[in-house]
Ligand SMILES: [Zn+2]
């Protein structure tokens, strides 16, 4: 596997969502390629940071206002500028 072809599998690899054979090929490449190893480690760290970040909850009034605006955008009408 070449570095460039690894990129399209990167997210699924880090999430553990790849078929075993593909994950094994990436793992094999990861062991011999310091550049990809660094990229994968960086992505894993970023994912871990995001998982450990507390979710922010918008106030109920703000959520309702946002839903109204989204609904208005979805309504058919004249093109917006
Ligand atoms: Zn590589």
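The values are calculated or read from the model by the stated rules, or taken from the named source; none is laboratory data. A quick note: this is a predicted structure, and the numbers were derived from the prediction, not measured. Here the Cβ positions follow ideal geometry from the backbone for every residue, glycine too, while neighbour counts run over all protein chains shown.
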Listed by first then second residue, the pairs whose first member lies in the stretch 1-14 and is within 12 Å of residue 37 (Cα to Cα) and at pLDDT below 90, whose partner is within 8 Å of the ligand (Cβ to nearest atom) and not in a helix (DSSP H, G or I), with beta carbons under 9 Å and at least 6 positions apart or on separate chains, are 6/33
Residue list for the stretch 8-54, filter: surrounded by 12 or more Cβ atoms within 10 Å (Cβ to Cβ), within 11 Å of the ligand (Cβ to nearest atom) and in a helix (DSSP H, G or I): 10, 26, 29, 30, 36, 37, 39, 40
